[in-house]
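The values are calculated or read from the model by the stated rules, or taken from the named source; none is laboratory data. Treat the numbers as computed from the prediction; the structure is a model and nothing was measured. FYI the Cβ positions are ideal-geometry reconstructions off the backbone, even for glycines, and counts take in every protein chain you see.
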Amino acid sequence: MSANFCLKCGTGLEFRDMDGTMRKACPRCDFIFWGDYSVGVGALVIKDEKILLVKRAHNPGKGYWTNPGGYIEQLESIEDTIIREVEEESGIKAKVKGIVAIRDLPRNIHNLYVAFEMEYLDGVPRPDGVESDEAGFYSLEEIESMNVAPFTRWLIQVAYHGESKGLMKDNDPVVPMHDSILFKV
Ligand SMILES: [Zn+2]
């Protein structure tokens, strides 16, 4: 992935040595092209030993059952994003318990995926009719015979059999850190 023009002012980018790495930078303003990245978030909501899954209505992954999730926005915390995505895709209100897995995909657009374990609060599963066309809580036995996406299958295994309690949000860090949302073991 590359860029030829400044995303802020449109000037042609030039290579600049940044701590030993040549990066494309704008000669007129402070813009530096660091690369192309995206961050995905996903939820593992378990209720009465059953896990919340939605069926994808469109490609990529049309027809596959996955855990609900989405991509983060510039100024939205990952916690707010996953709460919103779960409610939008499945109608379920849930709250974050911790981070249970991370997937790193270094490729054209470097993707980092953060998987949350969430506690069911309220609601009956219903698809949004856009991204998902079915939604529900399913037991491990039921999941066996469903067309579950491989990555979701892996996450379900982690959620049920993970030995650590995952990363918990630190709401009262010993050193106040403005604007940082901290998670700890
Ligand atoms: Zn510029």
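Quick one: in segment 113-132, of everything that is outside any strand (DSSP E or B) and aliphatic (A, V, I, L, M), which residue is farthest from the chain's Cα centre (by Cα)?
Here the residue is V124.
Before we move on, is R107 of a type in the set (D, E, K, R), exposed (fewer than 15 other Cβ atoms within 10 Å of the Cβ) and either on the phi > 0 side of the Ramachandran plot or at pLDDT 95 or above (or both)?
For R107, the condition - of a type in the set (D, E, K, R), exposed (fewer than 15 other Cβ atoms within 10 Å of the Cβ) and either on the phi > 0 side of the Ramachandran plot or at pLDDT 95 or above (or both) - is not met.
Applying the selection to segment 1-30, what residues are among the small types (G, A, S) and crowded, with 17+ Cβ neighbours inside 10 Å?
A25
Can you spot a residue in segment 83-91 that is part of a helix (DSSP H, G or I) and hydroxyl-bearing (S, T, Y)?
There is at least one residue in segment 83-91 that is part of a helix (DSSP H, G or I) and hydroxyl-bearing (S, T, Y).
Modelled with pLDDT under 95 and more than 13 Å from K50 (Cα to Cα): which single residue out of G166, G123 fits that description?
Answer to the check: G166.
Return yes when E49 is more than 18 Å from the chain's Cα centre (by Cα) and within 16 Å of the ligand (Cβ to nearest atom) and no when it is not.
Considered against the rule, which asks whether it is more than 18 Å from the chain's Cα centre (by Cα) and within 16 Å of the ligand (Cβ to nearest atom), E49 comes out as no.
Quick check on F31: is it at pLDDT 95 or above, over 29 Å from V114 (Cα atoms) and within 16 Å of the ligand (Cβ to nearest atom)?
Against the criterion (at pLDDT 95 or above, over 29 Å from V114 (Cα atoms) and within 16 Å of the ligand (Cβ to nearest atom)), F31 does not qualify.
Give the residue that is nearest to N111 (Cα to Cα), with candidates limited to residues of segment 5-29 that are outside any strand (DSSP E or B) and under 29 Å from the mean Cα position of the chain (by Cα).
The extreme case among them is L7.
Restricting attention to segment 2-28, which residues are within 7 Å of the ligand (Cβ to nearest atom) and among the hydrophobic types (A, V, I, L, M, F, W, C)?
Those that are within 7 Å of the ligand (Cβ to nearest atom) and among the hydrophobic types (A, V, I, L, M, F, W, C): C6, C9, C26.
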